[in-house]
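Values quoted throughout were computed directly from the atomic coordinates according to the rules given, and no laboratory measurement underlies them. Everything quoted here is computed from the prediction, not taken from an experiment. So basically every Cβ, Gly included, is an ideal-geometry build from the backbone, and we count neighbours across all protein chains shown.
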Amino acid sequence: MKIHEYQAKQLFKEFNIAVPKGFLADGYDEALKNIKDIGFPCVVKAQVHSGARGKAGGIKLARDISEFETHFNNILGMELKSIQTGDETKIVRKIWVEQGVNIDKELYLAITVNRNTEKIVIIASPSGGMDIEEVAEKSPEKIIKEDIDIIDGITADSLAKINACVGFDISAAVCNLYNLFVQKDCSLVEINPLVITKEAGVIAIDGKINFDDNALYKHSELLELRDLDEENPLEVEASKFNLNYIKLDGTIACMVNGAGLAMATMDLIKLSGKSPANFLDVGGGASKENIENAFRILLSDENVEAILINIFGGILRCDILAKGVKDAAQALDIKIPIIVRLEGTNKEKGAEILSNSGLKFFVAHNLDEISKALGEL
């Protein structure tokens, strides 16, 4: 789960990470009432779930009331598209306004999980700011990646390496950010830039936090930070039925049980010259209702031209799945082609149910037959 910058900064404050004074507004009249508490210069910042907002025109410096009014009204409601949103655009519904900071140096600081080493990794650079992606590509030697064993925590040696890399003592910020990462079960925390002021202060003037969805049951307070307007509506709908769904850009909808099989099925679609329209894992114990809801969500994507169902029947028997698929197809009056491969418990019974349904199912008995059917679409 992602949250907005202003929400990340609220958490930063809880963990003693300094941030500029600011306020949130969704209209200019409201902003005008609060700007006197901030003063000028101030920074007007679009609140959307995307990085690279500055390059996309979503962050502006206002030196006086005239510039403030212009920037605020130009950013509010804008369709923001950055290098991180891909083909998607984000509608700006909220704006965060904060005090300008007397910047001397911009650093980069982030913490995430290193899946290769199975450790937490702290990433830092003396070259923070809008061009950090270019720094990573062209000057990787300016970035340090320090693995941290969660049992031992941050050591003095690790802090010394990080401080030497960035050229300033940011030990307090690193330790506080690490505590936030661990205590709130984050998958990513990022400050870009972490600013050294001319007064030698250390301030986070941007913030990004992603949480591990699998740990949210421990943090009811974090669920209140979720902004459904920033999420794909089909993914939001799928989450209501405990379906693991991610929308993609292709035309072949997938319904699979098990994440590994789902990834392999998407690869098969690509190898067959098509593109998957989604990732969808219905889980091992999918019910008739879940299958019907999954069909409805798949069909809500106007790009879908066909549906591929690839099921391994273990906990979920193939005949139960086949009956659920048949009933859902009849209830929803599905007109597009449906390719079904069933493998596992009662696969013959499942294939018989589909073949005798009177509906236009293509029952594939192996991956080659799936690929052939996809090629003929």
*asked:* Given (1) within 29 Å of C175 (Cα to Cα); (2) surrounded by 19 or more Cβ atoms within 10 Å (Cβ to Cβ); (3) out of contact with any helix residue (DSSP H, G or I) (no Cβ under 9 Å at 6 or more places or on another chain), identify the lone condition not met by H4.
replied: (3)
*If you take the residues of region 88-109 that are surrounded by fewer than 22 Cβ atoms within 10 Å (Cβ to Cβ) and hydrophobic (A, V, I, L, M, F, W, C), which of them is nearest to L180 (Cα to Cα)?*
W96
*Kindly indicate whether any position in region 205-225 is of a type in the set (A, V, I, L, M, F, W, C) and over 28 Å from I151 (Cα atoms).*
yes
*Residue list for region 192-203, filter: farther than 15 Å from I59 by Cβ and outside any loop (DSSP other than H, G, I, E, B)*: L194, I196, T197, V202, I203
*Just a yes or no: is a residue in region 35-45 in contact (Cβ under 8 Å) with a residue 12 or more places away in the chain, under 19 Å from E190 (Cα atoms) and in contact with a helix residue (DSSP H, G or I) (Cβ under 8 Å, 6 or more places away or on another chain)?*
yes
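Quick grid of which residues meet (1) buried (at least 20 other Cβ atoms within 10 Å of the Cβ); (2) out of contact with any Asp or Glu (no Cβ under 8 Å at 6 or more places or on another chain):
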| position | (1), (2) |
| --- | --- |
| V113 | no, yes |
| T117 | no, no |
| I122 | yes, no |
| D131 | no, yes |
| E146 | yes, yes |
| G153 | no, yes |
| N163 | no, no |
| N176 | no, yes |
_Among the listed residues F312, F279, identify the single one that is within 26 Å of the chain's Cα centre (by Cα) and not β-branched (V, I, T)._
F279
*When S300 is evaluated against the numbered criteria (1) buried (at least 17 other Cβ atoms within 10 Å of the Cβ); (2) closer than 18 Å to I334 by Cβ, which criterion, by number, is the only one it fails?*
(1)
